[in-house]
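In what follows, a single structure is set out as structure tokens and then discussed.
The values are calculated or read from the model by the stated rules, or taken from the named source; none is laboratory data. Bear in mind the structure is a predicted one, so any value in this text is a computation, not a measurement. Glycine gets a Cβ as well: all are built from the backbone with ideal geometry, and neighbour counts include every protein chain shown.
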Amino acid sequence: MYVLSALWNVTLVRLPYIKSHCYLRRTLILSSPGRKIARKMSGQSRNSWIIKDDPRLVSARQKDFFVDIIDERRHTSDIGWALRQREVPAYKYNKARSPAEIKNDVLKSDRVKYAVEKIMEESGASLTDVMKEAESIVDEMAHNLRVGVIRGFAIFLVKVMKKLFQRVYVNEEAISKVRTLIKEYPVLLMPSHRSYLDFLLMSYVFFHYDLPLPVIAAAMDFMGMKFFGWLLRNSGAFYIRRSFGDDQLYWAVFTEYVQTHICNGDSPVEFYVEGTRSRTQKSLPPKFGMMSASLEPYFKAQVPDIMVLPISISYDRVLEEKLYAYELLGVPKPKESASGVFKARSILEEDFGNVHIFIGDPVSIRNYSVGSVDRTSHSISPRYIASLSFQEQALIQKLSYDVTLQQLRNMAISPWSMIAAVLLQNLDGIPLRQLVKEVEWLKRQASNLGAYIDYPVNETAEAIVHHNVFTHKNIAKITEDGIVELVSDDSMLVDKNGDNLMTQAAQELMVCLYRNQLLNVFVRVAMVAIPINSCVKDTLLIAELRSQYQLLEKLLNQEFIFMPGQTDQDFDMALSCLTRTCGVIVQDGSVMIKKSTNKYTTFFSQMFEPFLLGYWVMCRYLLSIQNGAHGKPLVKLPKTISKEAQVLSSQLIRDSHIKHKEVLSLDMMNNSLHSLYHLGAVHKEKREGKTYMYPNLVLLSKVTEDLSKFIEVPPMPQTTINMDTKTVVVNAKL
Amino acid sequence: MSQRHSIEGKDCATDVDPPSIPKRRQELLKWNGWGYKDSKFIVNKDNHVEFTGERYQLSGHTMTLLRDWMIKTVGISLDHKTPPQPELTAKDMPTPVRNEEFLADIRRTNISHSDDCQDRLFRAHGHTLSEMFILREGRFSRMPDLVVWPASHNEVVKLVELANKHNVCIIPFGGGTSVSEALLCPEQETRMIISLDTSQMNKILWVDEKNLVAHIECGIIGQDLERLLAKKGYCTGHEPDSMEFSSLGGWVATRASGMKKNIYGNIEDLVVHVKCVTPRGTMEKSCQVPRLSSGPDIHHFILGSEGTLGVVTEVTLKIRPVPECKKYGSIVFPDFEHGVACLREIAKQKCAPASIRLMDNEQFQFGHALKPESKSTFTNFMDGLKKFYITRIKGFDLNTMAVATLLFEGAKKDVDAQEKRVYEIAAQFGGLAGGAENGERGYMLTFAIAYIRDLGFEYYIVAESFETSVPWDRCLDLCTNVKDRLHRECKERGIQFPPYITCRVTQTYDAGACVYFYFGFNYRGIQNPVQLYDDIESCARDEILANGGSISHHHGVGKLRKRWLKKTVGEVGVGAMRAIKEYLDPQNIFGSGNLMVGDPEESAHNSSNSNVSLPSKL
């Protein structure tokens, strides 16, 4: 986060510098081949009412349903814009309150009173002491949304946005809907979460469109930052501890604080259903705590309805790409030679392309819950005692998945994601012409599956590839002889093994981040393609295929978002996609393997190969864990397991058994561990408040075997194979 | 088919003070609307709304603001009318089912009875929207086959015996003001249905001044009861809004509530003794005591039984001396929320006046529109001043303001003290005393609204009221959410005009309140307004339950609300009710099909819809 606070410093100090940069960047853009043509042709005009006589011209300001909201800021005064009169809609039952009044209302609420009394009873503490604690909790938590600061914040935001991005696109049509919604019902904003910039962008968009600025549930890590913490708090961020277990008082204050905003409709409430930033750019399985707290007022009939707005924010280039790569590997990011400020400045000098913000269809919790929830069950106890029925909890989970899936559906996929996907299957580089062909092919497939691809029609595919590689020049390059390949990081970080494996892996992982954005589009068809592609028989029964799909879904459901209970429909849909557009042939209830194994199934399978490989490594590692003294496997902390599995991966990579350095990702290891736990292949055990894990060898061997049928697995090093348990060798290397 | 028997009963009409409603109701009452024939809202030659007759305070007055209010709020147009069908005659009604043995037996008794089609028609319905629409535009496919007018408890006993013997279905009929479809005949009923009209059992049998109780026959209607008692210096103080027409037996059978329950109590508090004739025999207690510890109170089997277990024939009620002083009042609040908070506080301090009702802004404006044209410029001037004071000096917004109407009763000094206390509490919640006149007009609105609905019917308006009870902490949310739900349903169902939706907190209790809703809309351009209305009201009831409200505070369940009964009292609760029914009435002689009887899914609500064959109007 220091990057952002530093960013602020820079903006403050270097205001005059900015304009020249804009100019610079623009010339850069224009120099891409497509633009050149456009400019050349705009000279002569057949008719006077046509300003730009170019049939291939596509407005970049307004494209499809998107409108760039930054463009006009480049021509007018930011300060005038920030200080302008804003006609902000308000919820029809809202009673205006100041942030201080909100805090006061929270402390005086029945819910907090009830918790305070319970704590006094249990702990014997005095009322003043407990109330003092409640006050300190609410002080720590509360936002201090103020118009004055918002305007200052807006100036800061617009400068940052203009600096970082070429265009910030918003589907403007949704805005008028949002405007009406805000008047009618309390609104929850649920953006996807792939960057810290998400909430800055959200606030910016709301400020731009004269909508009330949201209050945002933020994690505590921001709070510590001196200036930035203050700024965010005064711009609507409220801070929530990541975990507060069974701290009753904290629960009460937190719940009341969130709910009072919803009941009175003070501001739209924004939070991330994923809980935290998705470092992998794939979306994380939803969390339910915040969602439950926010929707309880509807189930308790304190509000007529609540509207949930899934919002998708897609970045051409993610600000934190490098940070994420190193985080995923679990190694410290290499120190740059210069100071943080310098780093921030260099970020400002970089080009992060476009951002697409798509505000999805609002979900009315009332309509969503018709027939599945009976709110009457809350009639016989006070509403301030937290309680949700099983049906309500189930509904909240389903909604959380739905929201996440809607976010995914509405993502704008950048051409770079497709380039990344192709590059990762050609780690040694690929000729530009072939890359272009592959990307175009992949684009068609993604479109067929319903993805929105941000693919400018007025530019040649070649120009697009050029442009995108240029934007990501820190990751990829085009060599003089027309080969596109990954750039290796020149900051040679040498780890204790005496090589720069982790640095190389980080470079590769950065590419993975972008491919990952595309994976959600393909994951279901791929899970059908994988068993087909790896099948050694002539035909594969649909029923068998289905059960393999189910296994894959169980394995991958920490990585990708699947609606619980919808596996069968997903499978049917995916299979029909494959048969209709990808040449998969089904006869008499079986897939004809030979005819069906083709470019489609192969490409789709290969996209997901690294995951299965990584999971296989985890399995092998777990199988190698030595038994403890009493014949029971040794228990280990999940963290330790992941770390040690990573060591095994790195050995396999060094020995050239595995190409994909992606398997070094600790995130992948954690996910695999969780999936294996859900499959019963790993058990949990609580000791002294900590959770330990140990393998269930029978089930684990089965899963390992299944995995090795889906992909080509590397031979384990000679020694280990002989030992059969591999323990000796692996452990020796740790 | 019209063999009318002894219409001139033995002993009614001979009394010095005859009952207000005659045995042939059609002589005095509208056949297809609310109340007296002479009293109705009409649009007069000046295109203004006028109330006819001489019966009420409003009678003969022109309400100059009302027409514009109706045009503005519900979008009526004076050019678009929906006149009712001409009066139904014998050919429009189903042929009566005749149980010859029963008829032969009844002829041998001296009990007055009739199968005249008008007599039957008048007892075939209550006053829900769908019933009124059947009268205005449709036909009944099932009706009582015979009307009987027993004149005493013993005649009722005889009748029930005969019905039991010949397996004839009985539906008791009191004042006919039901709003739960309780009087509708079940369409599937193949037995002969007799309507047991209690109106001839209308005497106060004795008054016991030592214990302050009176023993009264069940058929007496509210206004007669109070008038007769007043002659002796007493009252019961039970004043439901329907008291002009509803009967004592009906109050008991539906668990009625009176406007002044804060002083006198609801019907269950007033009843000291009940005699109820069931097919198993007469159920009553052998003592007339203020309280009894002897197992579950058998009175409570009967209270609210909605004619499913038997007929109430005689009731001993508490009476009180007529109060010395009666005074109206009103409080103006900046908004409804402040008003609810104030009512809650008044209930907490247990100092509620005889009646206290809080009207929301929409109802306040309605009340204002009902103001008769004032004759003097001075009144106009004063009204202007008042408005100026409230809006300009006190800063109230005419579009959010809410008004509480008050009725104080008691000894002069008690009333004064209570008044002072109530206004003091009100001041803490931003309330201002708004004068007696506003208060009185508020109560008048309740009486007038039933008549106004008939005017609405003439102009494409369907409207109805429904009510509930709710704990205090959920009261405000319930009002907000139910209104919101209604607005939303109207919008989603394509109603072209803004609906009229309003509520009032109409009773206060220690632990909660009674909330009363009016809901109506202009159905021009819509196919089946009654069905649509019912669907939307059902949504509102679902919403009420979701908001912690009840199935009903005093209207009862009848057939209209059966589907929510199990949700309200639980499976075991319904089972227990059915067990009582099974014991008292195994043959289902009292076969109205109300409350717990029969399958709620195929309640008469559905059958009543098929009962109605409405032409679609555009």
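Show the residue pairs that are 6+ apart or on different chains and have beta-carbon atoms under 9 Å apart, the first residue being within the range A:298-316 and within 14 Å of another protein chain (Cβ to nearest Cβ), the second being surrounded by 24 or more Cβ atoms within 10 Å (Cβ to Cβ) and part of a strand (DSSP E or B).
Qualifying pairs under 9 Å: A:Ile306/A:Val187; A:Ile306/A:Leu188; A:Met307/A:Val187; A:Met307/A:Leu188.
For residues that are within 12 Å of chain A (Cβ to nearest Cβ) and among the acidic types (Asp, Glu), tally how many sit in the range B:518-565.
Residues meeting the conditions: 2.
Run down B:Gly53, B:Gly75, B:Gly60 and say which single residue is in contact with a strand residue (DSSP E or B) (Cβ under 9 Å, 6 or more places away or on another chain) and in contact (Cβ under 8 Å) with a residue 60 or more places away in the chain.
B:Gly75
Just checking, which of A:Arg151, A:Arg146, A:Arg167, A:Arg84 is loosely packed, with under 15 Cβ neighbours inside 10 Å, charged (D, E, K, R) and modelled with pLDDT under 95?
Just a single option satisfies the conditions, and that option is A:Arg84.
With the requirement that a residue be surrounded by fewer than 24 Cβ atoms within 10 Å (Cβ to Cβ) and without any contact (Cβ under 8 Å) to a residue 60 or more places away in the chain, what does the range A:416-435 give you?
Residues satisfying the conditions are A:Val422, A:Asn426, A:Asp428, A:Gly429, A:Ile430, A:Pro431, A:Leu432, A:Arg433, A:Gln434.
Give B:Leu545, B:Leu532 a once-over and let me know the one that is hydrophobic (A, V, I, L, M, F, W, C), out of contact with any helix residue (DSSP H, G or I) (no Cβ under 7 Å at 6 or more places or on another chain), surrounded by fewer than 22 Cβ atoms within 10 Å (Cβ to Cβ) and not in a strand (DSSP E or B).
After ruling out the rest, the residue left standing is B:Leu532.
Going by the conditions given, is B:Arg504 part of a helix (DSSP H, G or I), buried (at least 21 other Cβ atoms within 10 Å of the Cβ) and touching a residue at least 12 places away in the same chain (Cβ under 8 Å)?
Judged against the criteria, B:Arg504 is not a match.
Residue by residue through the range B:428-465, note down the ones that are touching a strand residue (DSSP E or B) at 6+ places or on another chain (Cβ under 8 Å), hydroxyl-bearing (Ser, Thr, Tyr) and part of a helix (DSSP H, G or I).
Passing the criteria: B:Tyr443, B:Tyr451.
Among the residues of the range B:459-479, how many are buried (at least 20 other Cβ atoms within 10 Å of the Cβ) and at the interface with another protein chain (Cβ under 9 Å from one of its Cβ atoms)?
Residues that pass the stated criteria total 3.
Which fully enclosed helices (runs of 4 or more DSSP H) of the range A:70-155 have 3 or more residues being closer than 29 Å to A:Ala219 by Cα?
A:99-108, A:110-123, A:127-141
Would you pick out the residues in the range B:480-492 that are touching a residue at least 40 places away in the same chain (Cβ under 8 Å) and either of a type in the set (D, E, K, R) or more than 11 Å from every other protein chain (Cβ to nearest Cβ) (or both)?
Listed by number, the residues that qualify are B:Arg485, B:Glu489, B:Cys490.
Can you name every residue in the range B:307-329 that is farther than 30 Å from B:Asn202 by Cβ and crowded, with 24+ Cβ neighbours inside 10 Å?
Correct list: B:Gly329 only.
Looking at the range B:552-580 only, could you name the residues that are in contact (Cβ under 8 Å) with a residue 12 or more places away in the chain and part of a helix (DSSP H, G or I)?
Result: B:Lys562, B:Arg563, B:Trp564, B:Leu565, B:Lys566, B:Lys567, B:Thr568, B:Val574, B:Met577, B:Arg578, B:Ile580.
What residue, of B:Thr508, B:Thr502, is within 30 Å of B:Phe51 (Cβ to Cβ) and away from every other protein chain (no Cβ under 14 Å)?
Checking each option against the conditions leaves just B:Thr502.
Answer with yes or no whether A:Met502 is farther than 26 Å from A:Leu700 by Cβ and in contact with a Leu (Cβ under 6 Å, 6 or more places away or on another chain).
Spelling it out, A:Met502 is indeed farther than 26 Å from A:Leu700 by Cβ and in contact with a Leu (Cβ under 6 Å, 6 or more places away or on another chain).
Going by the conditions given, is B:Lys203 more than 30 Å from B:Val505 (Cβ to Cβ) and charged (D, E, K, R)?
Answer is yes for this residue.
Step by step: first the residues of the range A:344-401, then only those that are among the acidic types (Asp, Glu) and closer than 30 Å to A:Gln558 by Cα, then the one that is nearest to the other protein chains (Cβ to nearest Cβ). Which residue is that?
Among residues in the range A:344-401 that are among the acidic types (Asp, Glu) and closer than 30 Å to A:Gln558 by Cα, the one nearest to the other protein chains (Cβ to nearest Cβ) is A:Glu392.
Scanning for something modelled with pLDDT under 95 and in contact with a strand residue (DSSP E or B) (Cβ under 7 Å, 6 or more places away or on another chain), does the range A:94-115 turn up at least one residue?
The answer is no, given that none of the residues of the range A:94-115 is modelled with pLDDT under 95 and in contact with a strand residue (DSSP E or B) (Cβ under 7 Å, 6 or more places away or on another chain).
Using the structure shown, decide if B:Lys350 is touching a residue at least 12 places away in the same chain (Cβ under 8 Å), surrounded by fewer than 14 Cβ atoms within 10 Å (Cβ to Cβ) and part of a loop (DSSP other than H, G, I, E, B).
Judged against the criteria, B:Lys350 is a match.
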